[in-house]
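Structure first, commentary second.
What follows draws every value from the coordinates through simple rules; no lab data is involved. For clarity, every value in this text was computed on a predicted model and none was experimentally measured. Using ideal geometry, Cβ is built from the backbone for each residue, glycine included, and neighbour counts are taken over all protein chains shown.
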Amino acid sequence: MFTLLAYAICFYLMLGLYVATIGPAGQQIWADFRKHSQGTPSDLAKLGVTQIAPAPLWKCFLLAALSTIAAMILWPGFWNQMFGVAATRIPTIPAAWLNQRTTVVEAEAAHMVRLEKLGPDPIAFGFQNGQWREVLALLQPGDELWNYSSPSETWQNLAGRAGIAVVRDGKVVATLMTLMN
């Protein structure tokens, strides 16, 4: 719910920005530009452009709406919040990174977190508990849980990653990154 509110606020801010710069205020800016550039050599005048017409208002609104929609679609958390598509379903690691098979109990024991914001009891994977539950919901009979870690040179270059991966029929089908540098 909060994310939808944030998207709505973003939409109206962007809409206001476009209307202010391209709409009536933008028309004034272009008029001032034309007035000040008349009679003086400029790059536009050299190209033969003597007048710049402001866009009609409906085009401004359309541009604002399309830009906002494109920004929201490209926003990393958009698909997860709007349609429940978990980021964990997108495999992001090669199978060569898998280094040790684990179980649900072992993974949870290794990643217990005690934070006051989460309550008095420790919780598996802390703030990532929701993502962990999504990973667990994806498990099918025969699936394996593996710890993974990127190669040592990625850690030396401050691009290392580690976490838990779900392996199905020899292929990584989901991941939960627990460590990154």
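In this label model, VAL113 and ALA137 are separated by 1.9 nm, measuring between points 7 Å along each Cα→Cβ vector. Applying 1/(1 + (r/R0)^6) with R0 = 30 Å to the Cβ-Cβ distance of ASP121 and ASN157 gives a FRET efficiency near 0.20.
Near PHE125, the amide H atoms lying under 5 Å from its own belong to HIS111, MET112, VAL113; only residues 5 or more places off or on other chains count, and H is placed 1.01 Å from N.
Phi-derived couplings, Karplus 6.51 cos²θ - 1.76 cosθ + 1.60 at θ = phi - 60°, listed residue by residue for region 164-181: 10, 10, 9, 10, 10, 6, x, 10, 6, 10, 7, 9, 9, 6, 10, 8, 8, 10 Hz, with x used for Gly and Pro.
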